[in-house]
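Q: Below is one structure. I have some questions about it.
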Amino acid sequence: MPNMPLAIAPMHLRNCWHAVLAKPMAGNRKSMVFDQASRPFALYLHWPFCRAKCPYCDFNSHVSNDVDSKIFGDALCTEMAHMASLMPSRPPLSSLFFGGGTPSLMPPILVERLIRHAEDLFGFTNDIEITAEANPTSVEADAMLGFQKAGVNRVSMGVQSLDDASLKFLGREHSAADALHALDKVKKAFDRVSIDLIYALPDQSPKAWQAMLGQALSLGLGHLSLYQLTIEAGTVFHTRQRRGEVMALDNDRAADLYEMTQQMTHAAGLPAYEISNHAAPGQECQHNLTYWRAGDWLGVGPGAHGRFALFDPAENLATRNATVTRRSPAGWLDAVAAKGHGIDETQIDSPADWASEIVMMGLRLTNGIDLGVIKNLCGPCDDWLDGDGVEQAIAAGWLRRMPNQYRLIASDDGRLRLNHILSTILR
Ligand SMILES: C[S@@+](CC[C@H](N)C(=O)[O-])C[C@H]1O[C@@H](n2cnc3c(N)ncnc32)[C@H](O)[C@@H]1O
Ligand code: SF4
């Protein structure tokens, strides 16, 4: 799909937009309305170990055969308590996510210990979502039964492909039959199961992707994560690409597969609710929605990121805080032993940076962003949004403004070129 040239917005539209930006709204930052309890609040726990390193993956994952899960578990509990102390006034957790790496390699007894520790520290909402990522092997599917007893109620399984040649290309250690077998076991134990598939592999034809996606849609799952293969710096695929090998489909053909994905998932009752995520109504991943709605979350474990707002009633001001922990598992363990946490960096964002985060994350979602809410938290739109850029993106068909004027939504086409749009609409 060719890139569309940026159209210049007609003057009447531009004037209309500037009128919206200038219009006084209830709640600027001097009279800000901030209700921490109504914001989604999540905890991310990172397990950084894998059996093998996949050649496309740049997640913080390490191959190690001698992980001492007792020492690691102690350190995760210690850091969790430290992270809790950074956010003294907080609602109960609405989501807990075991991500990786490969959390399905964790002993179920450790998962249970971490869930209990989190519940003691934070409390849980009645309908808390507790997700674990799992690799699709039989052993790990069995481990998931232990995870379920520990309290996990949602599984996200990295199937990646339903075609053995593609799995081989992706360097995966399982076959498509292994994955389907593991999935069957997990589906019997969990109501909420999602799978990840990677598409836009080199030479993948529309017909081949149509057949694979059709098969995935026939599995009766409520959620699918469908990622276009991206070549990340520092990966084996990146090195091979630099040497001249074609490692992914070209942009135009990948865009065709993306369009097909939107149509097929929509027709099957699992429409996109985010660029790569599709769900039956009510099955959306609450954890990832916390990120995309720029809610509050704490990140525990090596290389975990956390972001949370803190409200100062005396100043009537909320600040956006970010933490990043040390990536290396050994370095992180040392830091936790020495200081009680592995945080390497903390940052307080400016209101404009916070607004950019909300816009960047929110435009990934099919229901977009509410400028009124952002203005309340981060100050006047003119400080962080370029009205002309917004009008250009609307004229190009990449953004839509809803009738109430404050909600902006990216079209399917727009979500394909979000980076470009963001570079034109953010100050
Ligand atoms: C933390 S990883 C994986 C969980 C689990 N370890 C596994 O591999 O099954 C989360 C997901 O990101 C996706 N992913 C990772 N690297 C990717 C890449 N370069 N391009 C597209 N998707 C990628 C994969 O679908 C993967 O399942
Ligand atoms: S894709 Fe999953 S299994 Fe492979 S290296 Fe990344 S985190 Fe580990």
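Q: Could you work out [θ]222 nm for the chain from helices alone, using -39500 (n - 2.57) per DSSP H run of at least four and dividing by all its residues? Round to the nearest 500 deg cm²/dmol.
A: -12500 deg cm²/dmol
Q: Here is a follow-up. With a 10 Å Cβ neighbour count serving as the proxy for reagent exposure, in which order, fewest first, do S104, S38 appear?
A: In increasing order of surrounding Cβ atoms, one gets S38, S104.
Q: On to the next question. Can you give me the distance in nm between label points at V63 and I348, each placed 7 Å from the Cα along the Cα-to-Cβ direction?
A: 4.5 nm
Q: Another question, if that's okay. By how many nm would the segment from D191 to A330 lengthen if fully extended, with 0.36 nm per residue of separation less the alpha-carbon distance?
A: Working: separation 139, 0.36 × 139 = 50.04 nm, distance 3.64 nm.
Stretched fully, the D191-A330 segment lengthens by 46.4 nm.
Q: Strictly over 28 Å apart at the Cα level, which of K70/K149; K70/K339; K70/K168; K149/K339 would you flag in this model?
A: Flagged as over cut-off: K70/K168; K149/K339.
Q: Right, next: What is the fewest-to-most order of L96, L377 by other Cβ atoms lying within 10 Å of their Cβ?
A: Ordered by Cβ neighbours within 10 Å, fewest first: L377, L96.
Q: So, one more: Sort the chain into rounded, prolate or oblate with this rule: let a ≥ b ≥ c be the square roots of the eigenvalues of the Cα gyration tensor; rounded if a/c is under 1.5, and if a/c is not under 1.5, prolate when a/b is larger than b/c, oblate otherwise.
A: It is oblate, given that a/c is not under 1.5 and a/b is not larger than b/c.
Q: For a quick check: sort L145, L183 by the number of other beta carbons within 10 angstrom, fewest at the front.
A: L145, L183
Q: Relative to the present Cα-Cα distance, how much length would full extension add between T239 and K339 at 0.36 nm per residue of separation?
A: 32.3 nm
Q: If N is the number of residues in region 269-427, what value comes out of its Cα radius of gyration divided by 2.2 N^0.38 Å?
A: With N residues counted in region 269-427, Rg over 2.2 N^0.38 Å equals 1.18.
Q: Taking R0 as 60 Å, what's the FRET efficiency between D120 and A177 from their Cβ-Cβ distance, rounded to 0.05?
A: With a Förster radius of 60 Å, E is 0.90.
None of the figures in this text is laboratory data; all of them are computed from the coordinates on show. What you see is a predicted model; the values in this text were computed from it and never measured. Quick reminder, even Gly has a Cβ in these numbers, built from the backbone with ideal geometry, and neighbours come from all protein chains shown.
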